[in-house]
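Student: First the structure, which I've put down as structure tokens, then a few questions once you've had a look.
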Amino acid sequence: IEAFVQAANAIRAGHKLPSDFHDELATAHRTLAVTAVLEAGRLSLDNDGRRVTIDYDEDGQVLLLRF
């Protein structure tokens, strides 16, 4: 928790950007892809093993999950 508080203070003070912490903290940017994979697995299991496709934008960010 201390690392998140320090990061928030550094961002608020203008010394750092949120992107500076992608490799240090579990930011939403980093966890979104993992969450999408887990959600795709759950959707597949809940729908008799149907294939779920994860669509990404040009920057590699998750856009949506679809059957």
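Student: Among 31-40, 9-18, how do they line up by average Cβ neighbours within 10 Å per residue, starting with the highest?
Tutor: Peptide ranking by packing, descending: 31-40, 9-18.
Student: If you plug each phi of the stretch 48-60 into the Karplus form 6.51 cos²θ - 1.76 cosθ + 1.60 with θ = phi - 60°, what whole-Hz ³J(HN,Hα) values come out, in order, with x for Gly and Pro?
Tutor: 6, x, 4, 6, 10, 9, 9, 8, 10, 7, 5, 9, x
Student: So what is the orientation-averaged projected area of the chain, using the convex hull of its C-alpha atoms, in nm²?
Tutor: Values: hull surface 22.8 nm².
About 5.7 nm², averaged over all directions.
Student: As a test of the formula, what do you get for the chain when each DSSP H run with n ≥ 4 contributes -39,500 (n - 2.57) and the sum is divided by the residue count, at 222 nm and rounded to the nearest 500 deg cm²/dmol?
Tutor: For the chain, the value works out to -14500 deg cm²/dmol.
Each reported figure results from applying straightforward, stated rules to the coordinates on display, with no laboratory input. None of these values were measured; they are calculated from a predicted model. Backbone-built Cβ (ideal geometry, glycine too); neighbour counts: all protein chains shown.
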